[in-house]
Structure formats: C-alpha cells, structure tokens
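Visitor: First the structure, which I've put down as structure tokens, then a few questions once you've had a look.
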Amino acid sequence: MSDEVGLYEAMSTLRAVRRLRPDPIEPGALMRILQAAAWAPSGGNVQPWRVVVVQDPATRQGLGDLYRPEWASYSKGARRGLERLQGEARAKQERMLKAADHLGEHFGDAPVILVFCFNPEHMAITDADLPRASVVGGGSVYPAVQNCMLACRAEGVGCTLTTLLCQQEDAVRSLLQIPDPWYTCAFLPIGYPVGRGHGPISRRPVSKLAFLDGWGNEFQ
C-alpha cells in the first residue's frame, strides 16, 4: 500500500486521472480497492451491484472500441461549450478535453476496467413513479463506486468515472456475458498514472451548495 492518505485528503485530491500507464496493478492493491467497494452502504444492505473486473487485453480493447465513438460524439458538444469561456477557464477546459481525448483513444489500454452493474429487482426505487428522472436507485450503487475511487486514491492508482458506455449497453452486456436482469451503471478505467495523477480539485464552495433550514438560506 502507498503511504497512508487521510480520508479528507483523499476526497479533496480525487482528481479524474485519464492518462494511465499500461503496467499491471499490484494484485493486493486491486483486492483492497474492491474490498473498499464491498464496504459501501446500500438500501437494506442488499448490495444490488456487481463489478466485472476486466483485465483480458482483447476484452479491454473491445470496450475501448465501443467507447471511442461515444466519446467522439459527446466531445463535439463539449467543445462547442468552449466558445462561452475565456481566459483560464477556457484553458482549463481545453486541458480537460485533451486528457479526455487521450482516454477516448486509449480506454482499452487501461490495465483494468471496472464495470459496475446493478439489478433493479433488488432495489427499492422509491421515486420510480414520480414525474421526473429517477435517481434513488443509484443510492445503492454509487457509494460502492465512490469507495472504489477513494481506495484508488489511497493506493496511488489513477481512476475516472464514465457512464458513456451505458449507451452501448447491449454490446457491453454481450461482450461481458452479463445476464438479465443486470445492467451497467458505471465504468472505471484504472491504472497507475502518467505524471503526478491525483491532486487538488476545483469545486464550488459549501456556501453555494448548502442551505440552512430551507432552500436559499445561507449556511455559514
């Protein structure tokens, strides 16, 4: 294991790492990363998720071939958004897109791709019938994904979360032999980073996100 990383440090430096070395991940580190996912909470402690740990080179390349056109399509819209930005904000977004382009071309070269799956029959999706997008089911899956990513940070392993391949779900399920009623919800290419990898992140301050006793009331 790498030098001990505190929880708050891990959370505040969990940067998306999209440039990964092809070197194999140390088996003990990979097991600890997966164990962290298994510790995550879920509704009723049912754990309605599974993760396919993709290490086979041909299978990884198969996922990469599916990911490449999805990123190419998505990135067109992201680049149109650059027109509204100026100065450092634009430069920062351009750096992010350049790194994402690299991942788009090398997704299948990551030494491990974690494919998180869920079973809706094992979830209490309490917002399923509301007249809006349903998100509650993710509460029993994405904590495992976040635990996994925090463990990657602790182990010095780079990672990033993408859901673009959910748009290729039929092909992914066929490639990985995922049975009904299991579906995909998150993809994590992981590996030791090229360069420094994780580092300080940029987020909105708490004052912009938290309200006191009601919407819009400033929290201090």
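The values are calculated or read from the model by the stated rules, or taken from the named source; none is laboratory data. In this text the structure is predicted, and so the values were computed from the model without any measurement. All Cβ positions, even for glycine, are placed from backbone atoms using ideal geometry, and neighbour counts span all protein chains on display. Note: areas computed on protein heavy atoms with side chains; ligands, DNA, RNA excluded. Shrake-Rupley method; radii C 1.70, N 1.55, O 1.52, S 1.80 Å.
Visitor: Please verify whether segment 183-190 includes one or more residues that are open to solvent by 10 Å² or more (accessible area, probe 1.4 Å), closer than 21 Å to residue 120 by Cα and assigned to a helix (DSSP H, G or I).
Guide: Scanning segment 183-190, I find no residue that is open to solvent by 10 Å² or more (accessible area, probe 1.4 Å), closer than 21 Å to residue 120 by Cα and assigned to a helix (DSSP H, G or I), so the answer is no.
Visitor: While we're on this one: Give segment 131-167 a look and list any residue that's closer than 20 Å to residue 69 by Cβ and open to solvent by less than 50 Å² (accessible area, probe 1.4 Å), or say none.
Guide: Residues satisfying the conditions are 160, 162, 164, 165, 166.
Visitor: Scan 21, 80 and give me the residue that is at pLDDT below 95 and either open to solvent by 30 Å² or more (accessible area, probe 1.4 Å) or within 18 Å of residue 193 (Cβ to Cβ) (or both).
Guide: Result: 80 is the single residue among 21, 80 that is at pLDDT below 95 and either open to solvent by 30 Å² or more (accessible area, probe 1.4 Å) or within 18 Å of residue 193 (Cβ to Cβ) (or both).
Visitor: Please go through segment 107-144 and pick out each residue that is within 22 Å of residue 162 (Cα to Cα) and of a type in the set (D, E, K, R).
Guide: 109
Visitor: Consider residue 189 carefully, then state whether it is closer than 26 Å to residue 33 by Cβ, in contact (Cβ under 8 Å) with a residue 60 or more places away in the chain and out of contact with any Pro (no Cβ under 8 Å at 6 or more places or on another chain).
Guide: Considered against the rule, which asks whether it is closer than 26 Å to residue 33 by Cβ, in contact (Cβ under 8 Å) with a residue 60 or more places away in the chain and out of contact with any Pro (no Cβ under 8 Å at 6 or more places or on another chain), residue 189 comes out as yes.
Visitor: Ok, one more. Of all residues in segment 40-68, count the ones that are open to solvent by less than 20 Å² (accessible area, probe 1.4 Å), within 15 Å of residue 172 (Cα to Cα) and among the hydrophobic types (A, V, I, L, M, F, W, C).
Guide: Adding up the residues that qualify gives 2.
Visitor: Look through 10, 16, 37 and report the one residue that is touching a residue at least 60 places away in the same chain (Cβ under 8 Å), under 16 Å from the mean Cα position of the chain (by Cα), within 27 Å of residue 169 (Cβ to Cβ) and open to solvent by less than 30 Å² (accessible area, probe 1.4 Å).
Guide: From the options 10, 16, 37, the qualifying one is 37.
Visitor: Right, here's the next one. Give segment 168-194 a look and list any residue that's of a type in the set (S, T, N, Q) and under 13 Å from the mean Cα position of the chain (by Cα), or say none.
Guide: 184
Visitor: Can you pull out the residues in segment 40-69 that are within 16 Å of the chain's Cα centre (by Cα) and either of a type in the set (D, E, K, R) or at positive phi (or both)?
Guide: The one that is within 16 Å of the chain's Cα centre (by Cα) and either of a type in the set (D, E, K, R) or at positive phi (or both): 50.
Visitor: Continuing with the same structure: Select from segment 94-130 the residues that are of a type in the set (A, V, I, L, M) and under 13 Å from residue 75 (Cα atoms) and write down the one among them that is surrounded by the fewest Cβ atoms within 10 Å (Cβ to Cβ).
Guide: This residue is 96.
Visitor: Check segment 111-121 and report whether any residue there is closer than 20 Å to residue 49 by Cα, of a type in the set (Asp, Glu) and either at pLDDT below 95 or assigned to a helix (DSSP H, G or I) (or both).
Guide: The answer is yes; a qualifying residue exists.
Visitor: Sticking with this structure for a sec: Which residues, counting only those in segment 156-207, are within 16 Å of residue 25 (Cα to Cα) and in contact with an Asp or Glu (Cβ under 8 Å, 6 or more places away or on another chain)?
Guide: 191, 192, listed by residue number.
Visitor: Please work out if residue 166 is at pLDDT 95 or above and in contact with a strand residue (DSSP E or B) (Cβ under 6 Å, 6 or more places away or on another chain).
Guide: Considered against the rule, which asks whether it is at pLDDT 95 or above and in contact with a strand residue (DSSP E or B) (Cβ under 6 Å, 6 or more places away or on another chain), residue 166 comes out as yes.
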